[in-house]
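The values are calculated or read from the model by the stated rules, or taken from the named source; none is laboratory data. Just so it is clear, the model here is predicted, and its values are computed rather than measured. Cβ placement follows ideal geometry from the backbone for every residue including glycine, while neighbour counts extend to all protein chains displayed.
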Amino acid sequence: MASENRSFEPRIVAFLCRWCSYAGADLAGVSRMQYPPNVIPMRVNCSGRVDAEMVLAALDKGADGVLIGGCHPGDCHYVSGNYKTRRRVVLLKRALEAAGLDPRRVHLEWISASEGGKFRQTVESYVEMIRALGPSPVAAARTVPVGASDDG
Amino acid sequence: MQGPRIGVFVCRCGLNIERTVDTEAVAERLAEHPGVVHTETYDYMCSDPGQVRIKTAIAEHRLTGVVVAACSPSMHEPTFRRAAEEADLNPYLVEMANIREHCSWVHDDRDEATSKALRIARTMIEKVKGNHPLEAIRIGHVDKCLVIGGGIAGIQAALDVAEAGFQVILVEREATLGGHMAQLSETFPTLDCSQCILTPKMVEASRHPNIDVMTYSEVLEVSGYVGNYSAKIRKNPTYVDPDKCNLCGECEKVCPESAPSEFNRGLTERKAIYIPFQQAIPSSYTLDENTCLGLHPLRCSECAKVCEPEAIDFDMLPEIVDEEVAAIIVATGYEPYPILNLGEYGAGDVPDVIDGLQFERLLSASGPTGGEIRRPSDGRVPKRVVFVQCAGSRDPENHNAYCSKICCMYTAKHALLYRHAVHDGEAVVFYIDVRAGGKGYEEFIQKATEEERIRYLRGKVARIFREGDRVTVWGVDTISGKRVDLEADLVVLATSMNPHPTTETVTKTLKIGCGGEGFLKEAHPKLRPVESLTAGVFVAGAGQGPKDIPEAVAQASGAAAKAIALLAQERLTHSPEVVSIDEEVCGGCGVCVGMCPYSALSLGEAGVAECNEVLCEGCGTCVSACPTGAAQLKNLTDGQIREMVEVALADG
């Protein structure tokens with residue numbers, strides 16, 4: 001599996017809340033921390049803006065993983081959006097499982113504006129994890145000719 | 001309908017972006033992206049010539065949207081939006097693609113970074129294509145400011161705002177203004193008398209035509225938004241009319257009931273009818289109903305019988321006052337760490353183990369001993385006093401993890417004042433380190449140690465207990481490595497600063513955050529230290545974190561300046577990137593209403609949701625909960641996000 005995936009570069013989208021995780025990613029940049037380029041960040045005001053449909057759409061469009069970054073519990077700029085996200089992600093993981101997808105293809109992490117290092121580590125470990133999981137079967141079904149590969 | 005005409009401006013940022021991202025290649029490839037009619041690269045897009053290029057291109061190419069692929073939007077989004085506005089393009093049709101912080105600075109490989117920069121830029125092009133021109137929401141406001149907390153920070157903030165010509169309501173829950181500063185004897189490092197510098201400010205606040213002082217009062221509810229908050233304040237009954245009370249004190253003499261004096265921190269008693277201290281503001285007695293035998297002529301009423309001006313009114317009721325204010329300054333202050341939590345130091349068990357604020361009362365000329373240092377148990381003058389620093393601070397296993405910042409200085413002051421008062425007395429200080437950062441602070445410590453021969457022992461105290469009429473202190477001197485057993489007459493614990501117990505209630509009332517330690521949370525620890533994350537609510541004083549008087553005063557003036565800047569504006573602006581409801585689609589289920597932390601959403605008469613744009617902060621939590629897609633965030637709709645995701649993942 002690992003040797004098969006050596007050339008596999010995961011495509012990951014990240015929904016980062018503006019106040020904590022996006023700012024944490026900015027800090028990683030200011031601090032010149034190096035991490036894999038597989039994650040395309042997108043800014044949302046609050047992790048509470050991230051709904052299940054957005055994540056499913058990303059997986060449908062070929063994402064191998066979806067990362068969600070929010071403020072730590074108690075720190076949400078909008079009082080409680082991150083708690084709602086936490087509950088939604090739990091349900092979403094179950095839905096992914098029911099659909100035959102690995103629930104780890106969606107991942108929620110609390111990253112504060114002062115945690116540039118945590119942002120880097122999160123990206124590093126998530127990219128590695130998705131690399132080990134292999135391409136998303138949804139993505140594969142979209143891009144690979146039928147019968148060429150099946151790792152779902 | 002005319003299609004989108006997007007201009008993309010790729011910044012090289014000197015070499016900051018160019019080093020790892022091939023900006024020419026990015027611009028070339030993006031020129032092929034549907035809807036893009038113009039691309040260019042430049043060394044510094046944020047510079048004046050860079051902005052001129054954007055403005056020129058907007059006019060020349062009749063652009064309907066602009067993407068600046070450069071640094072983080074937190075750096076220059078306002079810059080480029082303003083530039084677009086100057087070229088008559090709505091500022092909300094300008095977006096930044098962050099190819100520096102999120103790309104060139106974090107990747108080495110030029111091909112990989114260039115490819116990622118392209119993807120990031122494409123997401124923003126798709127976003128701009130879905131953006132609509134918006135106008136900032138402008139709201140009127142009232143001209144009043146509410147200050148919560150009447151300690152030195154609250155007083156200073158109230159005075160500054162009032163001096164600027166705006167009305168202030170200063171709410172204090174105790175019977176007098178002054179806070180803890182009124183209890184202090186002398187202040188470090190200058191040793192000026194605390195009350196002598198505080199009471200003129202108390203008087204000034206109470207006499208200022210623009211300040212309405214409400215003591216013995218609490219803020220019950222706050223609703224509304226920046227510029228237009230409604231506050232419900234309860235004025236608790238003091239049962240004494242301050243306009244009639246002439247401070248003769250006859251009531252106090254005849255009152256049969258007493259309770260520990262809050263002002264003297266339990267070192268003395270006060271009567272049920274009392275005045276906290278002589279210079280209290282308002283200058284009036286207060287009848288504490290919890291201590292009083294009963295607010296009824298049949299129960300006691302001795303005080304009312306002797307009150308010549310007939311100031312006592314047992315029928316006084318709590319009064320609820322509604323106030324409309326534009327800004328709120330929270331200065332709820334601190335409380336020393338509860339001494340009873342320090343059982344290992346004999347606190348609560350050994351009468352001659354006291355906290356720093358109690359020692360202030362012993363030192364104070366207005367204190368229970370008239371400024372003579374006499375220990376609580378037998379009134380003897382202590383010949384050896386042991387001071388224990390970091391009592392409750394810097395002890396993450398058992399107490400507070402943080403440093404309380406002021407204790408090194410006030411302990412040195414205590415030891416020095418003790419030596420001034422008791423010439424043959426010995427002062428011993430246990431410390432972990434001496435932290436004396438501040439103007440004249442280190443010099444003060446040097447003076448205390450050298451001139452006053454105060455013995456500083458580096459180490460922690462393990463246990464303190466009573467032996468006969470003395471107090472035994474077991475500790476370790478970590479420099480010599482030896483155990484130290486000391487017999488002391490009095491032990492003073494330099495207890496840490498905790499947020500005042502009411503802080504949590506106040507933060508919940510105002511919906512502003514508390515940090516992990518329970519202190520008021522500032523919007524940014526460095527760049528926005530006096531603002532809360534809620535617009536129009538500011539923080540000041542020791543409620544925000546341990547600090548000494550000059551810092552509290554400076555922060556209060558800072559918070560006041562922020563409040564004045566808000567009050568002085570004719571109209572306030574609010575981001576228009578808020579939620580809109582498609583009435584055709586909304587089924588009126590009301591799920592969004594429960595999601596909104598700001599009560600911005602409600603079900604209207606038509607049975608569909610309505611969004612009060614002024615209250616909406618644009619978090620979008622309701623949007624993700626809306627089952628029909630009727631709720632959408634302006635300029636970040638579900639549809640826009642779908643397009644963004646698609647191009648982020650597309651090949652090439």
Item to check | Single match in B:Val240, B:Val226 (criterion: surrounded by 15 or more Cβ atoms within 10 Å (Cβ to Cβ), among the aliphatic types (A, V, I, L, M) and within 25 Å of the chain's Cα centre (by Cα)) | outcome: B:Val226
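Just one of B:Asp108, B:Asp43, B:Asp88, B:Asp48 is facing chain A (nearest Cβ under 10 Å) and either more than 34 Å from the chain's Cα centre (by Cα) or over 18 Å from B:Gly7 (Cα atoms) (or both); which is it? If you could, list the steps in order and put the result at the bottom.
Values: B:Asp43 fails: facing chain A (nearest Cβ under 10 Å); B:Asp88 fails: facing chain A (nearest Cβ under 10 Å); B:Asp48 fails: facing chain A (nearest Cβ under 10 Å).
Within the list B:Asp108, B:Asp43, B:Asp88, B:Asp48, the selection yields B:Asp108.
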Next on the checklist: Given (1) in the same structural domain as B:Gly370 (by TED's automatic domain parsing); (2) in contact (Cβ under 8 Å) with a residue 40 or more places away in the chain, identify the lone condition not met by B:Ser283.
Outcome noted: (1)
Checklist entry - Within region B:626-644, which residues are touching a residue at least 60 places away in the same chain (Cβ under 8 Å) and either at the interface with chain A (Cβ under 9 Å from one of its Cβ atoms) or more than 38 Å from the chain's Cα centre (by Cα) (or both)? => result B:Leu636, B:Gly639, B:Glu643, B:Met644
Checklist outcome for this item: Filtering region B:521-566 for residues that are within 14 Å of another protein chain (Cβ to nearest Cβ) and surrounded by 18 or more Cβ atoms within 10 Å (Cβ to Cβ) leaves a count of 8
Checklist entry - Restricted to region B:369-392, and to residues that are of a type in the set (Gly, Ala, Ser) and buried (at least 22 other Cβ atoms within 10 Å of the Cβ), which residue is farthest from B:Tyr431 (Cα to Cα)? => result B:Gly392
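Conditions tested, residue by residue: (1) over 14 Å from B:Pro237 (Cβ atoms); (2) touching a Pro at 6+ places or on another chain (Cβ under 8 Å); (3) buried (at least 22 other Cβ atoms within 10 Å of the Cβ).
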residue: B:Pro260; (1), (2), (3): yes, no, no
residue: B:Gly266; (1), (2), (3): yes, yes, no
residue: B:Ile273; (1), (2), (3): no, no, yes
residue: B:Cys300; (1), (2), (3): yes, yes, no
residue: B:Pro309; (1), (2), (3): yes, no, no
residue: B:Val325; (1), (2), (3): yes, no, yes
residue: B:Ile328; (1), (2), (3): yes, no, yes
Item to check | Residues being free of Cβ contacts under 8 Å to residues at least 60 places away in the same chain, assigned to a helix (DSSP H, G or I) and surrounded by 19 or more Cβ atoms within 10 Å (Cβ to Cβ) - total across region B:161-193 | outcome: 1
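Looking for whichever is under 18 Å from B:Val385 (Cα atoms), assigned to a strand (DSSP E or B) and under 30 Å from the mean Cα position of the chain (by Cα) here; the options are B:Val484, B:Val492, B:Val471, B:Val476. Which one fits? Lay out the reasoning, then the answer.
Numbers: B:Val484 fails: under 30 Å from the mean Cα position of the chain (by Cα); B:Val471 fails: under 30 Å from the mean Cα position of the chain (by Cα); B:Val476 fails: under 30 Å from the mean Cα position of the chain (by Cα).
Only one candidate qualifies: B:Val492.
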Checklist entry - For region A:11-45, what are the residues that are in contact (Cβ under 8 Å) with a residue 60 or more places away in the chain and either among the aromatic types (Phe, Trp, Tyr) or part of a loop (DSSP other than H, G, I, E, B) (or both)? => result A:Arg11, A:Trp19, A:Cys20, A:Ser31, A:Met33, A:Gln34, A:Tyr35, A:Pro36, A:Asn38
Checklist entry - Conditions: (1) facing chain B (nearest Cβ under 10 Å); (2) out of contact with any Asp or Glu (no Cβ under 7 Å at 6 or more places or on another chain); (3) modelled with pLDDT of 95 or more. A:Gln34 meets all but one. Number of the miss? => result (2)
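Does B:Arg29 satisfy the condition of being touching a residue at least 40 places away in the same chain (Cβ under 8 Å) and in contact with an Asp or Glu (Cβ under 7 Å, 6 or more places away or on another chain)? Please lay out each step first, then the result.
Details: touching a residue at least 40 places away in the same chain (Cβ under 8 Å): yes; in contact with an Asp or Glu (Cβ under 7 Å, 6 or more places away or on another chain): no.
So B:Arg29 does not fit the description; no.
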Checklist entry - Looking at B:Glu504, is it outside any loop (DSSP other than H, G, I, E, B), among the charged types (D, E, K, R), within 14 Å of chain A (Cβ to nearest Cβ) and within 30 Å of B:Cys145 (Cβ to Cβ)? => result yes
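Those residues that are over 19 Å from B:Ala650 (Cβ atoms) and either surrounded by fewer than 24 Cβ atoms within 10 Å (Cβ to Cβ) or outside the structural domain of B:Arg19 (by TED's automatic domain parsing) (or both), I need them from region B:106-124; list them, please. Outline the logic, then answer.
Filtering region B:106-124 for residues over 19 Å from B:Ala650 (Cβ atoms) gives B:106-110.
Scanning region B:106-124 gives B:His107, B:Asp108, B:Asp109, B:Arg110.
For A:Met54, state whether it is closer than 16 Å to A:Phe8 by Cα and either assigned to a helix (DSSP H, G or I) or of a type outside the set (Ser, Thr, Tyr) (or both). Walk me through it before giving the result.
On the way: closer than 16 Å to A:Phe8 by Cα: no; either assigned to a helix (DSSP H, G or I) or of a type outside the set (Ser, Thr, Tyr) (or both): yes.
No.
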Checklist outcome for this item: Sole miss for B:Ala272 among (1) of a type outside the set (Lys, Arg); (2) in contact with a Leu (Cβ under 8 Å, 6 or more places away or on another chain); (3) at pLDDT below 95 is condition (3)
Next on the checklist: Would you confirm, using the coordinates I've provided, whether A:Gly29 is at the interface with another protein chain (Cβ under 7 Å from one of its Cβ atoms) and in contact with a Phe, Trp or Tyr (Cβ under 6 Å, 6 or more places away or on another chain)?
Outcome noted: yes
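Does A:Val50 satisfy the criteria of being facing chain B (nearest Cβ under 7 Å) and in contact (Cβ under 8 Å) with a residue 40 or more places away in the chain? Reasoning before the result, please.
Details: facing chain B (nearest Cβ under 7 Å): yes; in contact (Cβ under 8 Å) with a residue 40 or more places away in the chain: no.
For A:Val50, the condition - facing chain B (nearest Cβ under 7 Å) and in contact (Cβ under 8 Å) with a residue 40 or more places away in the chain - is not met.
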Item to check | Residue list for region A:63-87, restricted to those being in contact with a helix residue (DSSP H, G or I) (Cβ under 6 Å, 6 or more places away or on another chain), modelled with pLDDT under 95 and within 7 Å of chain B (Cβ to nearest Cβ) | outcome: A:Gly81, A:Lys84
